[in-house]
Amino acid sequence: MTKLLAGGSITGAKKNILLVIFAAAVFIIVQLLISSNVLGAQGMSTIAPICINIILAVSLNLITGFTGQFSLGHAGFMSIGAYATALILIANPNLGGFLGGILVGGILATIVGVLIGIPTLRLRGDYLAIATLGMAEIIRVIFLNLTITGGASGLASIPRMANWFWLFIFTIITIVLINNFINSSPGRACISIREDEIAAESMGVNSTKYKIMAFAIGAFFAGIGGGLHASYFHTITPKIFGFMKSIDILVLVVLGGLGSTSGSIISAILLTIINTLLRQFSEIRMIVYAVLLVIIMLFRPQGLMGTTEIGELFARSAQRFRGGKEKVE
């Protein structure tokens, strides 16, 4: 373990190696459970939302947690990816149509994110939240009134191409790419904007540029999450991507910790499992769900992880263990 420490922290290359090993272990274990029918349709109906929610939470955390921009428009970007993937997949019900639809959906969401971000990201705080919420509602209403998208009825009988393999692959890609961006020079510029935008600009950071960059990347992966949702759940309607969907994604980010990718992953897993377990109590499900959130935020207002990553916790634990061992010796 001591070899994994360099000045008290795990280096970037070794972090990536550990992530690959952990990801491979998770994939193999879940695949074995699926192959042996331990995880049937009910199990996959929980795993699929977990993967999609991780993608949505991690991508919104880049915008809200790391860049400090209070956005309520993630459901709008998700809907763009969902409808683009669904339309392409219905026309081409094969792997090429699925991957092409996912890519096109992500790119379209990025383009819309940039076009919306240029005028709105000059706003701050509540004003930005209202503007992005309005943007998401405009997108939803457009899909609600288009004939090609099925109007209020939405699209049904979408071919299911999103299986465990593709859900896992896109989840890992999202985590790795956004983590690498955060640890890059533009990512550090985004964090400096979150901490103090005026001070960052005085040091030469182009805040508008980096906010739009984070917004575009977040929108791209939200589009991918929407595409996976459309492909796995067969049916999409405009009401799925309403105001409450943006709130649900924001809850995942706040609960996990603003500025912690690990926190977003953990909260996505926990809340999805809790939501699944409470389905059988339909009358009181939302009450119990809300009470649990209130309790968690009362006792842990900074979120489950705060701004800390789980790798840092392991590094600190290893360092304390190493220090205690040296004292004993």
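Every number in this text was worked out from the coordinates using simple rules, so none of it is lab data. Keep in mind it's a predicted model, so treat the numbers as computed, not measured. Every residue, glycine among them, receives a Cβ derived from its backbone with ideal geometry; neighbour counts consider all protein chains shown.
Would any residue of the range 215-250 have its amide N under 15 Å from a label point 7 Å out along Cα→Cβ of Leu177? List them or say none. Counting backbone N atoms under 15 Å from the label point, the list is 215-228.
Taking Lys and Arg as +1 and Asp and Glu as -1, the other residues whose beta-carbon sits under 9 Å from that of Ser79 total +2. What separates the Cα centres of the range 158-200 and the range 255-308 is a distance of 21 Å.
Between Val114 and Phe243, residue separation times 0.36 nm minus the direct Cα-Cα distance comes to 44.4 nm.
Rounded to the nearest Hz, the phi-derived 3J(HN,Hα) couplings of the range 255-263 under the Karplus curve 6.51 cos²θ - 1.76 cosθ + 1.60 (θ = phi - 60°) are 5, x, x, 5, x, 10, 5, 4, x, where x marks glycine and proline. Rg over Rh for the range 12-166 works out to 1.02, using Cα positions for both radii and the Kirkwood form for Rh. Taking the helices alone, the chain has a mean residue ellipticity at 222 nm of -24500 deg cm²/dmol, built from -39,500 (n - 2.57) per DSSP H run of at least 4 residues and averaged over all its residues.
Could you tell me the calculated FRET efficiency between Ile90 and Ile138, based on Cβ-Cβ distance and R0 = 25 angstrom, to the nearest 0.05? List each step's numbers first, then the result.
Numbers: r = 24 Å, r/R0 = 0.98.
After rounding to 0.05, the efficiency reads 0.55.
Bridging of Lys209 to aspartates and glutamates at a Cα separation below 12 Å is possible for Glu201, once same-chain residues fewer than 8 apart are set aside.
Which value results for Rg/Rh of the range 180-291 when Rg is the Cα radius of gyration and Rh the Kirkwood radius based on the inverse mean 1/r? Kindly include the intermediate steps, with their values, before the conclusion.
Details: Rg = 17.6 Å, Rh = 16.6 Å.
That ratio equals 1.06.
You can think of it this way: the chain between Leu123 and Asp196 has 24.8 nm of extra reach, that is 0.36 nm per residue less the Cα-Cα gap. Between Met203 and Leu32, the modelled label-to-label distance comes to 4.7 nm, taking each label 7 Å out from Cα in the direction of the beta carbon. Calculated from the alpha-carbon coordinates, the range 102-251 shows an Rg and a Dmax of 17.0, 54 Å respectively. Shape annotation for the range 83-173: C-alpha extents along the principal axes are 42, 34, 18 Å, from largest to smallest.
Taking amide H as placed 1.01 Å from N in the peptide plane, the amide H of Leu121 sits under 5 Å from none that are at least 5 places away or on another chain. Applying the Karplus relation 6.51 cos²θ - 1.76 cosθ + 1.60 with θ = phi - 60° to the range 217-227 yields 3J(HN,Hα) values of 5, x, 5, 4, 6, 5, x, 5, x, x, x Hz, where x marks Gly and Pro. Computed over the chain, the P(r) tail beyond 38 angstrom holds 16 percent of alpha carbon pairs. Along the range 92-107 the Karplus relation, 6.51 cos²θ - 1.76 cosθ + 1.60 evaluated at θ = phi - 60°, assigns HN-Hα couplings of 10, x, 8, 4, x, x, 5, 5, x, x, 4, 5, 4, x, x, 5 Hz to successive residues, with x for each Gly and Pro.
How much length would be gained if the chain were fully extended between Ala290 and Ile310, taking 0.36 nm per residue of separation minus their Cα-Cα distance, in nm to one decimal?
4.6 nm
Annotation: amide H-H contacts under 5 Å for Gly257 (H modelled 1.01 Å from N, sequence separation of 5 or more, or interchain): Leu304, Met305.
Dipole magnitude of the chain about its Cα centre, charges +1 at Lys/Arg Cβ and -1 at Asp/Glu Cβ only, in debye to the nearest 20?
440
Restricting the calculation to Cα atoms, the range 125-183 shows an Rg/Rh of 1.15 when the hydrodynamic-style radius is the Kirkwood one.
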